[in-house]
Amino acid sequence: MKITRIETIRASAHPRLLWVQVHTDTRLVGLGETYYVPGAVAAVIHDVAAPLLLGEDPLDIERHWATFFAVTNYYGYAGAEMRALSALDIALWDIKGQACGQPIYGLLGGRVRERIRVYNTCASYGPVHGWAAAAGIPASARGHDAAAAGTAGGHRDYRDYEASHERPGELARDLLAMGISAMKIWPFDRFARASGGQYISPEELNAGLAVVQQIREAVGDRMEIAIELHAKWNLPSAIRIAHALEPYHILWFEDAMTPDPVDDLARLVQETRVPICVSERLFTRYAFRQVLERRAAHIVMPDIIWTGGISEGKKIAAMAEAYHLPIAPHDCTGPVNVFACAHLCASCPNAMIMETVRAFYLGYYEEVVTPSIDVRDGHLHFPDAPGLGIRLRPAFLARPDVHVQSTT
Ligand SMILES: [Mg+2]
């Protein structure tokens, strides 16, 4: 089998997303995805990766990973280069699965579980996704209009970000009614701006804690709460927030600081009893090696479409397992990532829980891909089709705001 064409696909309505399709002489097509800086990633794919891959056998995934990493590591690999490699790696696994008639997890050792528990990241489509209005896309060109009240594209428009601040108890009850028993929120972010993350006052601390208290008052311990901090704080502020959260038995405390240098995360682990989660921001097994060796995390959170794809995700998971640590793959991006994470969680014994965003999978995913993910009773049920089990919809590819760049 030979790779004959590589396409990158962008949509003005989704300005942070990039999809890649790898075509072969057998007519099998592999799908991959990444998120952030899509123009830069597309340039890396067409300028650097395509000359390495065209004419090559797509089934030699490990060889292609190593070759691309060696080439880009010559000038520093993290960023658009690893995003490109991640997307391509997933596309090659998709081809391999289709060629073998197996879902990807079948090629990663098979299933270790029937389904994986999910948590809901309390994002809404607009603020997190940076779409539409910023891109100047008229509502008529979008299938999913976040500005429409109540519904969008025939789906309910979940505004979980706003709800997590304005009515967190009600939001927790609503998630529980869907069978979802864990949620991720970021109630302290809004206080980081004034000081640039250098200080949080007792009043601000209490205002952030009030969100957690309202959830506990509404539903008790039936809802688990992960606190995301988006690396907005310095070490003493991170310690102060973590100490304040200790009585609430939170699921984890995520990315309070940037993960470099790792030694400061290790100090945070020593200073608090809350479980520390690290980090979607880390690229490759080499960065996670430092986290593991310095005992800087309790929960390991690789992002599969940034850190090096399914190949690298499997290795990072095995490294974490050797330290008796779970993985919880990062999401809040695109639909292909969720499928890639599903194959990883199906096959990794130490997968703990998977991130999902109902505002996305019950919203725009269904316009872009088929099928969407299968979440029932708070669990994701794994796809069983060969390969990834997900395709871009032909109707999406035909939209006027969708642009395809091709290298042959
Ligand atoms: Mg995060």
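The values are calculated or read from the model by the stated rules, or taken from the named source; none is laboratory data. Being a predicted model, the structure only gives us computed values, none of them experimental. Note: ideal-geometry Cβ built from the backbone for every residue, glycine included; neighbour counts use all protein chains shown.
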Output the number of the condition that Tyr248 fails; it satisfies all remaining conditions of (1) modelled with pLDDT of 95 or more; (2) within 16 Å of the ligand (Cβ to nearest atom). (2)
Which members of the stretch 209-242 meet the condition of being within 16 Å of the ligand (Cβ to nearest atom) and under 14 Å from Pro187 (Cβ atoms)? Ile225, Ala226, Ile227, Glu228, Leu229, His230, Lys232, Trp233, Ile241, Ala242
Wholly within the stretch 37-132, helices (runs of 4 or more DSSP H) carrying at least 2 residues that are of a type in the set (A, V, I, L, M) and either out of contact with any Phe, Trp or Tyr (no Cβ under 7 Å at 6 or more places or on another chain) or loosely packed, with under 15 Cβ neighbours inside 10 Å (or both): 38-44, 50-53, 61-73, 80-100
Complete set of residues in the stretch 379-391 that are in contact with a Ser or Thr (Cβ under 8 Å, 6 or more places away or on another chain) and surrounded by fewer than 20 Cβ atoms within 10 Å (Cβ to Cβ): Arg391
Please go through (1) within 21 Å of Gly387 (Cα to Cα); (2) in a helix (DSSP H, G or I) for Leu18 and return the number of the only condition it doesn't satisfy. (2)
So, in the stretch 251-263, of the ones that are farther than 23 Å from Gln213 by Cα and surrounded by 18 or more Cβ atoms within 10 Å (Cβ to Cβ), which residue ends up nearest to the ligand (Cβ to nearest atom)? Pro259
Go through the stretch 264-306 and give me each residue that's more than 14 Å from the ligand (Cβ to nearest atom) and of a type in the set (D, E, K, R). Asp264, Arg267, Glu271, Arg273, Arg285, Arg289, Glu293, Arg294, Arg295
